[in-house]
Amino acid sequence: KGVPFDLWEQYVTLKQDVVQWVSIEYVVGFVVMALVLAFSAGGNMVSAVVKAIWSSLLNLVVCVCVTVELYGFLAWAKIKLSAIPAITIWMSAAVSIEFTAHIVVAYSGAAGDTRWARVMKAFDSMFLPTMAGAISTLIGVLPLAGVDFPFIKKYYLVPYVLIVVLATVNAFILLPALLSLVGAPG
């Protein structure tokens, strides 16, 4: 009991809490994505559900990669896990879903003879909107670069910029590679 306990209690279960928060967020994201894809597909319902689950799983893999990469970069930048980086890691799950979900939905609805043709059609329609989202998010965060407090730059600016960069790179490189190799058939 007391002030030291109140201030340091968060560290006792912080890693487990972050894993639990991120896991719940990814499970919800997976279910919502699968439902959207399943109900937007036409034709055989069983086939649509299987394709929706597979596409949602590929999306989940890419998003988990973003969160793991962010966690690794935070350690590399010597940012120790506390409440602020924990929330940043938690946010990375939602932001990564936002950057990849539109591409996966466009891929699922794209017509084409091959997976690569469908990836190209998805990127024809979603590259610019996704890039615009990345740029607008960066513009919203960049004013933190002018702050004179190193704490703000280290614990807010760097992680948020990393989230946007990692989510964009994974959405534009890893996701199309996965979709073109093992994406759900048309």
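Numbers for the structure displayed
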quantity	calculated
For region 1-69: accessible area per residue (Å², 1.4 Å)	64
Count of Lys pairs (Cα-Cα under 25 Å; at least 8 positions apart or interchain) in the chain	11
Segments 22-29, 144-151, 73-80 sorted - mean Cβ within 10 Å per residue, highest first	22-29, 73-80, 144-151
As computed over region 1-140, the Cα convex hull volume per residue (Å³)	135
Fraction of accessible area attributable to carbon and sulfur, region 1-86 (%, probe 1.4 Å)	74
Cut-off 12 Å between beta-carbons: net charge of the residues surrounding residue 184, Lys and Arg +1, Asp and Glu -1	+3
Computed FRET value (nearest 0.05) for residue 181 with residue 44, which takes r as the C-beta separation and R₀ as 35 Å	0.90
Nitroxide proxy distance, nm - points 7 Å out along Cα→Cβ at residue 147 and residue 120	4.5
0 to 90° range, to nearest 10: angle between helix 115-141 axis and the chain longest Cα axis	30
Prolate/oblate/rounded call for region 3-77, Cα gyration tensor, a/c under 1.5 rounded	prolate
Spin-label model distance (nm) - residue 87 vs residue 14, 7 Å beyond Cα toward Cβ	1.3
Value of Rg to Rh for region 35-118 (Rh from inverse mean 1/r over Cα pairs, i.e. Kirkwood)	1.13
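The values are calculated or read from the model by the stated rules, or taken from the named source; none is laboratory data. Note that the coordinates shown come from a computational prediction; the quantities given were computed from them, not determined experimentally. Here the Cβ is made from the backbone with ideal geometry for all residues, glycine too, and neighbour counts use every protein chain on show. Note: areas computed on protein heavy atoms with side chains; ligands, DNA, RNA excluded. Shrake-Rupley method; radii C 1.70, N 1.55, O 1.52, S 1.80 Å.
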